[in-house]
Amino acid sequence: MGSFSLMHWAIVLLLVLLLFGAGKLPKVMGDLAKGVKSFKAGLKDDDSDSGPVLVEASRKPASEA
């Protein structure tokens with residue numbers, strides 16, 4: 001079970017073209033790209049939301065205590 005040869009990739013490409021057709025393939029790949037971009041944007045939003053939050057406590061000066 002080594003790596004795939006050029007012939008294996010040619011057969012996979014042929015099967016994909018038979019299943020999806022040459023006309024649908026660009027649309028499918030475009031939808032896949034949009035999904036990946038949306039996923040990355042979601043991860044980026046989650047990273048910015050989960051950052052450390054600095055909370056300043058209001059302290060009274062020692063002279064007032």
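Flag not set for SER48, criterion: modelled with pLDDT under 90 and in a loop (DSSP other than H, G, I, E, B). Restricting PHE39, PHE4 to those that are open to solvent by 100 Å² or more (accessible area, probe 1.4 Å), at pLDDT 70 or above and not in a helix (DSSP H, G or I) reduces the list to PHE4.
The values are calculated or read from the model by the stated rules, or taken from the named source; none is laboratory data. All values derive from a computational prediction rather than experimental measurement. Note: accessible area is taken over every heavy atom of the protein model, side chains too, but ligands, DNA and RNA are not part of it. Shrake-Rupley method; radii C 1.70, N 1.55, O 1.52, S 1.80 Å.
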